[in-house]
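Q: Here it is, the structure in full.
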Amino acid sequence: MSVDNPVKGRTAGSVTTKRRLGVPAVTFMIIAASAPLTVLAGGVTTTFAVTGVTGVPLSFLILGGILALFAVGYAAMSRYVTNAGAFYAYIAQGISRPAGVGASLVALMAYNLMQVGIYGLFGFTVSSLLSARLGVSVPWWIPVLVCIAIVGWLGVNRVDLSAKVLGILVALEFLVVIVYDIMSLAVAPEGVSAATFTPESLFVPGIGAVLSFGIAAFMGFESAAIYGEESKDPKRTVARATFAAVAIIALFYAVSAWAMTVGAGPSAVIETATANGPDMIFSFLGANGGVLLSDIAQVLFVTSLFAALVSFHNAVARYFFSLGREQVIPTALAAVRPGSGAPFAGSLAQTLIAVVVTVAFAIAGSGSELGELYPVLTMFTWLTNSGAMGLVLLMTVVSLAVIGFFRKESHGASLWVRVVAPTLGFILLAVVFVLILANFNVLLGQTESTAATFVLPLVVLLPGVVGIIWGLRLRRSRPALYARIGHGSES
């Protein structure tokens, strides 16, 4: 399809004029969004505590297998669709343009919810560290606003700068978790056992909640396609980075969750996780490796959150850019920064959203009975779980888009790539999505459903409906613009 770029001035047909990212850089961006130390300290301990199921290590392998099936078609399609809008472009070209516009608004909402929600946990963690180590009492929202400024600064600079920063932080995260894993296997109060990898440890009541919690740990792995326009060789980089990220994340989390059960003892891990929460890892390191090691791990926990914030910020900025370029949203959001080629308008928009939401939660939480945990139990828990739900929904729909795309032209792809793997991925991801909805009150930490249980999913889903209606309207009122939907980087 040959079209003129509709966006002039300080905008561009692609995010940057130079392709700077290789497979390692994109892989680091993906894994940073996953935030390994955050998942282990926060996500895995919470899963043990809330579900009472010991088969969490096995769940990571199962979820990794499901996402690998999804990645087969997703990665194959990335060779022919290179667009910073990723899900938006895939669904527009594989299903329909209105569906693509609907997906774009769901993606914008989901990535923003994931990114902004993490600020809640970041603010609480930094505030707690300053109080415990320096005796300085700082409201949680102050470190958040400082962090927003730093993340925003990185967002308007060259993307390879962000990649280098994330690469260092992710490497340090992996190092501290590996140290924890080795120490856990060495301590092993009940001996080294693989019992938590057996089917009977997972396939029990509560498996739905375990899978719902677990899928959130992988969120961000799908973002390789977002950087396709900035990759040195998008036809190979996106596919390789996606598969590498899925494999690394699944294996690393499975082994680390297993090490956690060994370090605490399979019979005591549920009780220990319930009593200590995220502090379970840091207490263990302090008791077995010294206070200094524990303090280092807590600092890296903060940098883990920071790395995730940078990664999701970049994803949101590129969605704004892609949609603005195609005039689905105001074209001003497609502006890029001269020199760096960074989508600075999208970056600034995401920064502004983060500031507004943070201030709103800070005002709402003033004097809350939840006390210091307010930003964790509301801003973090509500927004990140809602965002993860939206991303799982998008992956489910993309699986169908892959089938539709290759039905139009096979491009020499095998039946496994074109039909079988995407179909299996669709079915399994749909099951996970239903489990998330069924267990949403559990994910929010509620003993029973409240208004938030129903309102938050609607916050993610309704933009999709609005987007579909908007896409249909564009088809009637602006056919030339409609024809460009999902094809923004093509010329």
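Q: In this structure, is V328 of a type in the set (A, V, I, L, M, F, W, C), at pLDDT below 90 and in contact with a Ser or Thr (Cβ under 6 Å, 6 or more places away or on another chain)?
A: no
Q: Turning to a different aspect of this structure: Condition (residue is surrounded by fewer than 22 Cβ atoms within 10 Å (Cβ to Cβ), modelled with pLDDT of 90 or more and among the aromatic types (F, W, Y)) applied to the stretch 428-436: is it met by at least one residue?
A: Scanning the stretch 428-436 turns up at least one residue that is surrounded by fewer than 22 Cβ atoms within 10 Å (Cβ to Cβ), modelled with pLDDT of 90 or more and among the aromatic types (F, W, Y).
Q: Kindly provide the set of residues from the stretch 143-157 that are of a type in the set (A, V, I, L, M), assigned to a helix (DSSP H, G or I) and open to solvent by less than 70 Å² (accessible area, probe 1.4 Å), ordered by number.
A: V144, L145, I148, A149, V151, L154
Q: Of the residues A307, A342, which single one is open to solvent by less than 10 Å² (accessible area, probe 1.4 Å), out of contact with any Ser or Thr (no Cβ under 6 Å at 6 or more places or on another chain) and part of a loop (DSSP other than H, G, I, E, B)?
A: A342
Q: So which residues in the stretch 165-176 are within 15 Å of Q298 (Cβ to Cβ) and open to solvent by 40 Å² or more (accessible area, probe 1.4 Å), if there are any at all?
A: The answer is L172, L175.
Q: Identify, from the list S78, S127, the residue that is in contact (Cβ under 8 Å) with a residue 12 or more places away in the chain and farther than 20 Å from A354 by Cβ.
A: Of the residues listed, the single one that is in contact (Cβ under 8 Å) with a residue 12 or more places away in the chain and farther than 20 Å from A354 by Cβ is S78.
Q: Filter the stretch 321-339 for residues that are in a loop (DSSP other than H, G, I, E, B) and either touching a helix residue (DSSP H, G or I) at 6+ places or on another chain (Cβ under 9 Å) or under 13 Å from L108 (Cα atoms) (or both) and give the result.
A: Matches in the stretch 321-339: E326, Q327, V328, I329, P330, V336, R337.
Q: Considering only the stretch 311-338, state which residues are open to solvent by 10 Å² or more (accessible area, probe 1.4 Å) and either free of Cβ contacts under 8 Å to residues at least 24 places away in the same chain or in contact with a Leu (Cβ under 7 Å, 6 or more places away or on another chain) (or both).
A: Listed by number, the residues that qualify are F320, Q327, I329, P330, A332, L333.
Q: Also, quick follow-up: Taking V262, is it within 19 Å of Y180 (Cβ to Cβ), in contact (Cβ under 8 Å) with a residue 60 or more places away in the chain and either open to solvent by less than 10 Å² (accessible area, probe 1.4 Å) or among the hydrophobic types (A, V, I, L, M, F, W, C) (or both)?
A: yes
Q: Another question about this same structure. If V44 satisfies every condition in (1) more than 13 Å from T261 (Cβ to Cβ); (2) within 19 Å of the chain's Cα centre (by Cα) but one, which is the exception?
A: Of (1) more than 13 Å from T261 (Cβ to Cβ); (2) within 19 Å of the chain's Cα centre (by Cα), only one is false for V44: (1).
Q: Look at S104 and say whether it is small (G, A, S), assigned to a helix (DSSP H, G or I) and either open to solvent by 10 Å² or more (accessible area, probe 1.4 Å) or free of Cβ contacts under 8 Å to residues at least 60 places away in the same chain (or both).
A: no
Q: Hey, S386 hits all of (1) closer than 30 Å to G214 by Cα; (2) touching a helix residue (DSSP H, G or I) at 6+ places or on another chain (Cβ under 8 Å); (3) without any contact (Cβ under 8 Å) to a residue 60 or more places away in the chain but one; which does it fall short on?
A: Condition (3) is where S386 drops out.
Q: From (1) in a loop (DSSP other than H, G, I, E, B); (2) open to solvent by 20 Å² or more (accessible area, probe 1.4 Å); (3) of a type in the set (A, V, I, L, M, F, W, C), pick out the condition that doesn't hold for V179.
A: (1)
Q: Oh, and also: For the stretch 206-242, give me each residue that is modelled with pLDDT of 85 or more and in a helix (DSSP H, G or I).
A: I207, G208, A209, V210, L211, S212, F213, G214, I215
Q: Let me ask you something else. What single numbered condition from (1) closer than 22 Å to L169 by Cβ; (2) open to solvent by 30 Å² or more (accessible area, probe 1.4 Å) fails to hold for L285?
A: Among (1) closer than 22 Å to L169 by Cβ; (2) open to solvent by 30 Å² or more (accessible area, probe 1.4 Å), the lone unmet condition for L285 is (2).
Q: If G486 satisfies every condition in (1) over 15 Å from S104 (Cβ atoms); (2) in contact with a helix residue (DSSP H, G or I) (Cβ under 6 Å, 6 or more places away or on another chain); (3) open to solvent by less than 40 Å² (accessible area, probe 1.4 Å); (4) in a loop (DSSP other than H, G, I, E, B) but one, which is the exception?
A: Just one mismatch for G486, condition (1).
Q: Working only within the stretch 448-483, note down all residues that are farther than 13 Å from V101 by Cβ, open to solvent by less than 70 Å² (accessible area, probe 1.4 Å) and in contact with a Phe, Trp or Tyr (Cβ under 9 Å, 6 or more places away or on another chain).
A: Hits for the stretch 448-483 are S449, A452, T453, L456, P457.
The values are calculated or read from the model by the stated rules, or taken from the named source; none is laboratory data. Predicted model only: the values in this text are computed from it and were never measured. We place every Cβ from the backbone using ideal geometry, glycine too, and count neighbours over all the protein chains shown. SASA here: full protein model, heavy atoms, side chains in, ligands and nucleic acids out. Shrake-Rupley method; radii C 1.70, N 1.55, O 1.52, S 1.80 Å.
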